[in-house]
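Here is the structure we will look at, set down as structure tokens.
The values are calculated or read from the model by the stated rules, or taken from the named source; none is laboratory data. Remember, predicted model here, so these are calculated numbers, not experimental data. All Cβ positions, glycine included, derive from the backbone under ideal geometry; neighbour counts span all protein chains shown.
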Amino acid sequence: MRVPKTLPRIHSKTPANSGVFLCTLLCCFFPLLLSSCDSKTNTPEWDQPGGSMPSRDHKDAPTQPATAAAATAEATPTDPTQADVATPANPAPQQKPAPRHPEDGLRFMTYNVWNWLSMDRNWHDKVDNQESKPEEQKAAVIRLIIAHQPDILGLCEIGTAADLAEIQHRLKAGGLNLPHSHYTGGTDETRHLGILSRYPITATAKPAETQFELEGKSFGINRGILDATIVANGKSYRFLGAHLKSKREIEDADQEQMRIREAHLLRRHADSIFAKDPDVRLIAYGDFNDYRNSEAVKTVLGAYRSPEYLTAIPFKDSRDQLWTHHWSYQDVYSRIDFVTVSKTLRSEIDKNASYIVDDDGWRDASDHRPIVAIFR
């Protein structure tokens, strides 16, 4: 083979040759980029008695930006809030929301608002004694609630009755008037339960049993049980709110066993209601601080297939994810907030319109994401 005496030179500073080289690189990598963008991570369905919930249809819900990436139903070591997609801006809440009509159904939101109370707070290794929830976090909570327009709002981690009234006042100033309220608690002098409603609260009650024995010691249920009956659109709903013992260890007793004992108190109170009214339209909700198949949650639900069984609705966010809480200390994402319903309400839950809120900036408000349940 004849070899030319001189080889053509490659001039690195020649614009034409540089352009050809760049075009070649783009042609090679562009198909790879497209295939990467098309890949998706599937989430396993939440396996529960009675079937699983289909992917949520947003046609009946307020517009929500997608902010959660793939995560398992219980926990994942990765951060599911970091999505590799563009997130649209969160729309400003309506200052004058449109009037509600019976055909719109009933919008119920349960939300742990993360220490809306006065407590010692650590700021950069400095402790501020009995400081209130920071103003930017309060504002984020209020924006999120107003954006989703609940008719009834069940709250966990409220401080005093004045703290509940503050939330009520701020919501009204933002255009969401929930004039009726109920506030209660247990042995925990700091954290309480509250409920706000567009509709009148026609009755409240207290459980007959609030104490339990564990390891030879007597304990009272920490945050109590909220019991309120509300009549909306000609229908009666009985709400049982709870905030069971957290997973944080304490010296006095085993935290899991405490949570199970509290779950038994909640279940016994529900059973006493069923005994008087088997067809009661009951909704037990709140921060149960445990997973779907845990003994505590199964205790609250009751015996499967029994007439008094409470169905835990497996709500999803806009990306079909199930988690409601991020525990930053352990970096765990889990489903610990629930809305459960009696048999009389199962057919009235609009599963396609109900959802876990995943608005952009949810973590600026709380370590929990609220749930919105729509009853038709």
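For every residue, the table says whether it meets (1) modelled with pLDDT of 95 or more; (2) in contact with a Ser or Thr (Cβ under 9 Å, 6 or more places away or on another chain); (3) exposed (fewer than 15 other Cβ atoms within 10 Å of the Cβ); (4) under 14 Å from residue 188 (Cβ atoms).
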position: 213; (1), (2), (3), (4): yes, no, yes, no
position: 219; (1), (2), (3), (4): yes, yes, no, yes
position: 256; (1), (2), (3), (4): yes, yes, no, no
position: 263; (1), (2), (3), (4): yes, yes, no, no
position: 272; (1), (2), (3), (4): yes, no, yes, no
position: 287; (1), (2), (3), (4): yes, yes, no, yes
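List every residue pair whose Cβ atoms lie under 6 Å apart, where the two residues are 6 or more positions apart in sequence or sit on different chains, the first residue falls within the range 246-265 and is over 19 Å from residue 367 (Cβ atoms), and the second residue, located anywhere, is surrounded by fewer than 16 Cβ atoms within 10 Å (Cβ to Cβ) and hydrophobic (A, V, I, L, M, F, W, C).
Correct list of pairs: 253/214; 257/214; 261/214.
Can you give me the number of residues within the range 295-332 that are touching a helix residue (DSSP H, G or I) at 6+ places or on another chain (Cβ under 8 Å) and β-branched (Val, Ile, Thr)?
Final tally of qualifying residues: 4.
Enumerate the strands (runs of 3 or more DSSP E) found wholly within the range 147-245, keeping only those where 3 or more residues are of a type in the set (Gly, Ala, Ser) and under 24 Å from residue 348 (Cα atoms).
Correct list: 235-243.
With respect to residue 252, determine if the residue is on the phi < 0 side of the Ramachandran plot, surrounded by 14 or more Cβ atoms within 10 Å (Cβ to Cβ) and acidic (Asp, Glu).
No; evaluated as a whole, the condition is false for this residue.
Looking at (1) surrounded by fewer than 21 Cβ atoms within 10 Å (Cβ to Cβ); (2) out of contact with any strand residue (DSSP E or B) (no Cβ under 7 Å at 6 or more places or on another chain), find the lone condition where residue 149 falls short.
So the condition that residue 149 fails would be (2).
Please state which of the following conditions residue 115 fails to meet, knowing it meets all the rest: (1) surrounded by 13 or more Cβ atoms within 10 Å (Cβ to Cβ); (2) touching a Gly at 6+ places or on another chain (Cβ under 7 Å); (3) not hydrophobic (A, V, I, L, M, F, W, C).
(2)
Which pairs turn up if I take residues in the range 202-227 that are within 16 Å of residue 273 (Cβ to Cβ) and look for partners that are in a strand (DSSP E or B) and acidic (Asp, Glu) with beta carbon separation below 8 Å, at least 6 apart in sequence or on another chain?
204/227; 205/227; 206/227; 207/227
Does the range 324-350 hold any residues that are surrounded by fewer than 19 Cβ atoms within 10 Å (Cβ to Cβ) and over 14 Å from the mean Cα position of the chain (by Cα), and which are they?
328, 329, 330, 331, 332, 343, 344, 346, 347, 348, 350 - these are the residues of the range 324-350 that are surrounded by fewer than 19 Cβ atoms within 10 Å (Cβ to Cβ) and over 14 Å from the mean Cα position of the chain (by Cα).
On the basis of being modelled with pLDDT of 95 or more, within 19 Å of the chain's Cα centre (by Cα) and buried (at least 18 other Cβ atoms within 10 Å of the Cβ), does residue 223 make the cut?
Yes.
Name the single residue, out of those in the range 299-323 being surrounded by fewer than 19 Cβ atoms within 10 Å (Cβ to Cβ) and of a type in the set (D, E, K, R), that is nearest to residue 265 (Cα to Cα).
Result: 308.
Just the residues that are surrounded by fewer than 16 Cβ atoms within 10 Å (Cβ to Cβ) and either among the hydroxyl-bearing types (Ser, Thr, Tyr) or over 26 Å from the mean Cα position of the chain (by Cα) (or both), please, taken from the range 226-244.
234, 236
Please indicate, with yes or no, whether at least one residue in the range 100-111 is surrounded by fewer than 19 Cβ atoms within 10 Å (Cβ to Cβ) and either among the hydrophobic types (A, V, I, L, M, F, W, C) or modelled with pLDDT of 95 or more (or both).
no
Would you call residue 348 in contact with a Phe, Trp or Tyr (Cβ under 7 Å, 6 or more places away or on another chain) and at negative phi?
The answer is yes for residue 348.
Just for the range 156-190: of the residues that are in contact (Cβ under 8 Å) with a residue 60 or more places away in the chain and within 18 Å of the chain's Cα centre (by Cα), which one is nearest to residue 337 (Cα to Cα)?
156
Residue by residue through the range 248-282, note down the ones that are polar (S, T, N, Q) and more than 21 Å from residue 231 (Cα to Cα). Spell out the reasoning first.
Applying the first criterion (polar (S, T, N, Q)) to the range 248-282 yields 255, 257, 272.
If the condition is that a residue be polar (S, T, N, Q) and more than 21 Å from residue 231 (Cα to Cα), then 255, 257 are the ones that fit.
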